[in-house]
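Following: one structure in structure tokens, then a few remarks.
The values are calculated or read from the model by the stated rules, or taken from the named source; none is laboratory data. The structure presented is a predicted model; accordingly, all values stated were derived computationally and were not measured. Don't worry about glycine lacking a Cβ; one is built from the backbone with ideal geometry, like all the others, and counts go over all protein chains shown.
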Amino acid sequence: MATSLTFPLSAPTTDVRSYVPPVQIGELMRGTAISRVLASKSPKAKQGDFVNASIGWQEVGILADSAFEVVQIPEGIKVTDALGVLGLTGLTAYFGLDKIGKPKKGDTVVISGAAGATGSVAGQIAKLSGAKVIGIAGSDDKCDWLVKDLGFDAALNYKSPTFSKDFAKATPDFIDVYWDNVGGEILELALSRAKKNARFVMCGSISGYNASGPQKGIRNLFNVVSQRIHMEGFIVFDFLSEYPQARKQLFEWLSQGKIQRKETIVGGGIDNVEKAFVKLFDGTNTGKLLLEVKNHESNEVRGSSRL
């Protein structure tokens, strides 16, 4: 029984080079789910176990041994954490900072898309390093959540008419680390506030994912040269062998209350997957966005994995 379905990391609609091949017309849409095992011939899992697998947008799947991992649920951990803070989004935050951002005490760290699944964890990890953390989000409610609940030092609403001025005021000593989830004009603004030898963690560019026409280029990219900015992109799969150690650290922080998480769960089953997917782009979700295919406490068969 698929408890919650997370959405594809990349689903290009045109045949352009990316870190995964484009989803072709007629193919199963990609998606990762926590599922309950209905029946098993695998020595790795038994009936009733929860497993994490890229089952796609479907209710029932048949998986090979190599295509899943059994989900362990220690006390205080939710099953959906395996898709969020202990899943690919939490791991992305961990590795982006550990490998590229490398925040330290006294640094100013700016996180765009800060109220999302990855940005919210990245900001909290940066705070644990002793850095000053400024989040960027799309509503006053999200900004309040970042500051009051997650401990960010400040949060800016990019929809505010004074956003550019607010950004400059919040970064009087300029930026040491910038986490880019959105690209576009906010990236351009961050480049204008970068300190010499700043580190830019290039994680995503959601502002241009659904652009109807050609995207505008970044006009001040020469700042990378003049300020000697280290700008590096990465994919979480690059660090697959290090997942266990990273999960151990994330679990420790989570169990100690040093990092928090939030989920936006859309109910209604697989019939609502398109409605839920749109929430990735309209800004209505906070934290990890999930589709509940079936409540994990139900014993009904709908939405399961056979191994």
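Before moving on, here are some points about what is shown:
- For Lys288: the one exception among (1) at pLDDT 90 or above; (2) outside the structural domain of Gly48 (by TED's automatic domain parsing): (2)
- Within the stretch 216-267, the set of residues being touching a helix residue (DSSP H, G or I) at 6+ places or on another chain (Cβ under 7 Å) and loosely packed, with under 12 Cβ neighbours inside 10 Å comprises just one member, Arg219.
- Qualifying residue in the stretch 116-132 (condition: among the aliphatic types (A, V, I, L, M) and more than 21 Å from Gly87 (Cα to Cα)): yes
- Selection of the stretch 223-241 for residues being polar (S, T, N, Q) and not in a loop (DSSP other than H, G, I, E, B) yields Asn223, Ser226, Ser241.
- Qualifying positions in the stretch 220-246 - touching a strand residue (DSSP E or B) at 6+ places or on another chain (Cβ under 7 Å) and either on the phi < 0 side of the Ramachandran plot or of a type in the set (A, V, I, L, M) (or both): Asn223, Val224, Gln227, Ile229, His230, Met231, Glu232, Gly233
- Selected residue (criterion: modelled with the lowest pLDDT) from residues of the stretch 167-206 that are assigned to a loop (DSSP other than H, G, I, E, B) and not polar (S, T, N, Q): Gly204
- Lone unmet requirement of (1) crowded, with 19+ Cβ neighbours inside 10 Å; (2) within 22 Å of Leu250 (Cα to Cα); (3) modelled with pLDDT under 90 for Thr92: (3)
- None of Ala45, Ala114, Ala39 is under 23 Å from Asn285 (Cα atoms) and in contact with a strand residue (DSSP E or B) (Cβ under 8 Å, 6 or more places away or on another chain) except Ala114.
- Qualifying helices (runs of 4 or more DSSP H) (wholly inside the stretch 61-153; at least 3 residues being of a type outside the set (A, V, I, L, M, F, W, C) and either touching a Phe, Trp or Tyr at 6+ places or on another chain (Cβ under 7 Å) or under 23 Å from Arg247 (Cα atoms) (or both)): 88-95, 117-128
- Cross-chain or 6+ apart pairs with Cβ under 6 Å, the stretch 264-276 first and in a loop (DSSP other than H, G, I, E, B), then surrounded by 18 or more Cβ atoms within 10 Å (Cβ to Cβ): Gly267/Glu292; Gly269/Val293
- Only one of Asp81, Asp153, Asp65 that is farther than 30 Å from Gly26 by Cβ, surrounded by fewer than 18 Cβ atoms within 10 Å (Cβ to Cβ) and among the charged types (D, E, K, R): Asp153
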